[in-house]
């Protein structure tokens, strides 16, 4: 189950119980922090927490502040500075060495465009979307439209509370399309007449990773369990009716029996693919079907000699087969973790898929000089109304980023 799914489940349970809730959202981070912009935590009026906004160092104080927000019925923007070693507030200490801005807001169950209802709208679509969250400030004081939002769905439709400002909506939609095209969240400032500034977090929302596991043997079971625990949408396909049954894979979204002769008719999809069939002919048929599929990852279990033989045979049927799979075929499959057991191999495979999805090399962070987290691009405001500001990008060379609370 994804973090969003857990938040929605808790939200629905509290709504049914008539228990008031507030939402805490990390909207901006300067420097290092355990969670990045977009992290969320649900807080009930009696102090129950779902989700996390840090490694444990901010939750206690944020809980108290969220309860006050519920009492007042008004949102608030709070800032935690963990970079000041002499600041003992909130028991933070030196911690993460960063500044974290968190938007706290009461959730109105009757509002169809409250933040979690907008996120529910995204969750119903299988495509990426952008959630724009406004946090306006002048001289440190929040303006009345703090917390306004727009959800921009891939079909071009827009939902949200910022629609009453058409100029702002137009500018946000333009920048949201760019964020979606670049797959890069933005923090954007818009100059507002007469002298206000709207600071907006344009968050690129991505649906759960879709994984198809070809092969329903015993070694596929821990892989499906682990992938599903990460919130991935997992489909299991095998030609053996006794193996490909839902009871063996209760965590899979779908289990299908597809005989070898029907593999060429499988629909083409962008699902990540893992081949664990232990059947050479079935692997060959699946690989040939995936040649024209948009999947970015094809993981093949087995030694290099098996992959070489499969590619050689594929090339006889499709001359450019190797070129079509170049950069997408991973064999031997998984990260080099020294995995031996099915559970360890599952960890190795899911780790490699995550690295490929994020465009990361998958090595040890202690030897990396790159940032641990992708940073939203910060675009500053210009002087004219809703102008395009200059772009300020975070540095790309970091020796180490300490975390906190873990």
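Readers should treat all values here as calculations from the given coordinates under stated rules, not as data from a laboratory. Being a predicted model, the structure only gives us computed values, none of them experimental. With ideal geometry, Cβ positions are generated from the backbone for all residues, glycine too; neighbour counts draw on all protein chains shown.
Take every DSSP beta bridge with both residues inside the range 228-350 and express the antiparallel ones as a percent of the total, to the nearest 5.
Antiparallel bridges make up about 0 percent of those DSSP assigns within the range 228-350.
Between residue 167 and residue 182, full extension at 0.36 nm per residue minus the direct alpha carbon distance yields a gain of 3.1 nm. Put simply, the C-alpha atoms of the range 201-256 give a gyration tensor, and the ellipsoid matching it has half-axes of 26, 10, 8 Å, longest first. Net length available on complete extension from residue 30 to residue 125 is 31.1 nm, with 0.36 nm assigned per residue and the Cα-Cα distance removed. Between the range 277-321 and the range 16-75, how far is it from one alpha carbon centroid to the other, in angstrom? After rounding, the separation between the Cα centres reads 47 Å. Under 15 Å from a label point set 7 Å out along the Cα-to-Cβ vector of residue 240, the amide N atoms of the range 249-288 belong to 249, 256-260, 276-283.
Between residue 229 and residue 316, the C-beta separation translates, for a Förster distance of 45 Å, into a calculated FRET efficiency of about 0.65. Here the calculated FRET efficiency for residue 174 and residue 197, from their Cβ-Cβ distance with R0 = 22 Å, stands at 0.80, rounded to the nearest 0.05. Distance between the modelled labels on residue 262 and residue 46, one decimal in nanometres: 5.0 nm (7 Å Cα→Cβ projection).
Taking R0 as 22 Å, what FRET efficiency do you get between residue 206 and residue 19 from their Cβ-Cβ distance, rounded to the nearest 0.05?
On the way: r = 30 Å, r/R0 = 1.37.
Using R0 = 22 Å, I get an efficiency of 0.15.
Annotation: the range 210-358 has a Kirkwood hydrodynamic radius of 15.2 angstrom, from the mean reciprocal C-alpha pair distance. Extending 7 Å from the Cα toward the beta-carbon at both residue 68 and residue 340 defines two label points whose distance is 5.6 nm. Placing a pseudo-label 7 Å from each Cα along the Cα-to-Cβ vector at residue 292 and residue 218 gives an inter-label distance of 3.9 nm. Arranged from fewest to most other beta-carbon atoms within 10 Å of their beta carbon, 111, 61 become 111, 61. Here the residues 174, 149, 6, 242, ranked from fewest to most Cβ neighbours within 10 Å of their Cβ, fall in the order 242, 174, 6, 149.
Within 10 Å, count the other beta carbons around each residue, average over each peptide in 12-20, 281-289, 339-347, and list them highest first. Could the numbers behind the result be given before it?
Numbers: 12-20: 13.1, 281-289: 19.9, 339-347: 15.7.
Per-residue Cβ counts within 10 Å, averaged per peptide and sorted highest first, yield 281-289, 339-347, 12-20.
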